[in-house]
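Below is one structure, written out as structure tokens; the observations come after it.
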Amino acid sequence: MAVLRGGTRIFGQDIRIGLPRDNTLTTGGILKRAAELPGKSIGASESTIGRFMANIGQGEGMARPTRYLVRFNMPNNIVLGNNSEGSDNEEIEARAVAKQGINDIGGQELARTVGMMCESIEMPARSVTTADSITYGPKRKMPTGYNFPGEVQLSVYGDKFLRQRMFFETWQKMIFDINSHNMNYYEEYTGSVDIMQLGSFEAENDRDRVTYMVRLYECYPQTIGSYDYSYGSVNDIVKLPITLNYRNWRNLGIDQVNNFTVGKSFGTLPKIKPSPGFGGIFGGILNRLPPELKRAGAQVVNTAKRNLPIGRVFGGKVFPPFL
């Protein structure tokens, strides 16, 4: 029950205000806490959809799963390896030839091409292992460590010569010797893979800026999957299923790598500051009013926007920006 209630008719609309007996739903109660929620934007509506749109506006849109790029960083001894001429050891010669193989079919340039031909890939996961701890009362899930799944699945388009498959076959041959069946040293065949989220920036006309990036460490191709041939697949494209193993991954924007800060020690979200005068004169005044008067004033301003012929005066604008 309100202490004071009244109303009037403005522009054909009923405007009613009232003063409640307590402040549970006023500036001292729920509305104050709701107004202090993160993501509030100057001039944005106090409704839930208004705050949701303000949050999207601060992030400059949503991330899309079709905007990504993959980069394969080959081990140095593969890309820069030289053939061991004149060696009598067949195993050493075979390993040297395998090292040189990726250079022969394109080297790091082919690695970039394979990254561009990556049709799909998984963003890696990370989880915290827990154990039950009971001292008194309900149990707690206490963290005991963390781990990674250790593998990612990807699919790569194949060109007419299947150079992409040859790339992974040559990389995989660095793991073992196909003649002696011996396994090579771990450091000789592990590389890294970068997975990048891309975002478009209309102001800079740049559609290929990296907005998020993770690097998978100690990677190597575990499985080169099979695919089917069929006379009925006339218009299909060969897609090569690949499984990569890795040890761990890091976010290159917030993590440190070998005591070297790639990005920042702690990530921060970009802040979008409104231009001076954003929200207009009325918007600035209404934001300082109590909730009841603010709602009534907003109704008056919105009704004026709809009914007054302001567009004729301001060259077609629905409502002038300074109001």
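The values are calculated or read from the model by the stated rules, or taken from the named source; none is laboratory data. If you're wondering where the values come from, they're calculated on a predicted model, not measured in any experiment. Note that we place each Cβ from the backbone using ideal geometry, even for glycine, and neighbour counts take in every protein chain shown.
If you go through region 116-131 one residue at a time, do you hit one that is part of a helix (DSSP H, G or I), at pLDDT below 95, out of contact with any His (no Cβ under 9 Å at 6 or more places or on another chain) and surrounded by 10 or more Cβ atoms within 10 Å (Cβ to Cβ)?
Yes, region 116-131 has at least one match.
When both residues are 6+ apart or on different chains and their Cβ atoms are under 6 Å apart, which pairs have a first residue that lies in region 41-60 and is at pLDDT below 80, and a second that is part of a helix (DSSP H, G or I) and surrounded by 15 or more Cβ atoms within 10 Å (Cβ to Cβ)?
Going by the 6 Å Cβ cut-off, the qualifying pairs are 41/54; 43/283; 44/54.
Which of the residues spanning region 150-162 are surrounded by 12 or more Cβ atoms within 10 Å (Cβ to Cβ) and not charged (D, E, K, R)? Please lay out each step first, then the result.
Taking region 150-162 and keeping what is surrounded by 12 or more Cβ atoms within 10 Å (Cβ to Cβ), we get 150-159, 162.
The answer is 150, 152, 153, 154, 155, 156, 157, 158, 162.
Limited to region 176-191, what total is found for residues that are in contact with a Pro (Cβ under 8 Å, 6 or more places away or on another chain) and either aliphatic (A, V, I, L, M) or loosely packed, with under 15 Cβ neighbours inside 10 Å (or both)?
The qualifying residues number 1.
Yes or no: residue 146 part of a strand (DSSP E or B) and in the same structural domain as residue 218 (by TED's automatic domain parsing)? Can you show your working first?
Working: part of a strand (DSSP E or B): yes; in the same structural domain as residue 218 (by TED's automatic domain parsing): yes.
Against the criterion (part of a strand (DSSP E or B) and in the same structural domain as residue 218 (by TED's automatic domain parsing)), residue 146 qualifies.
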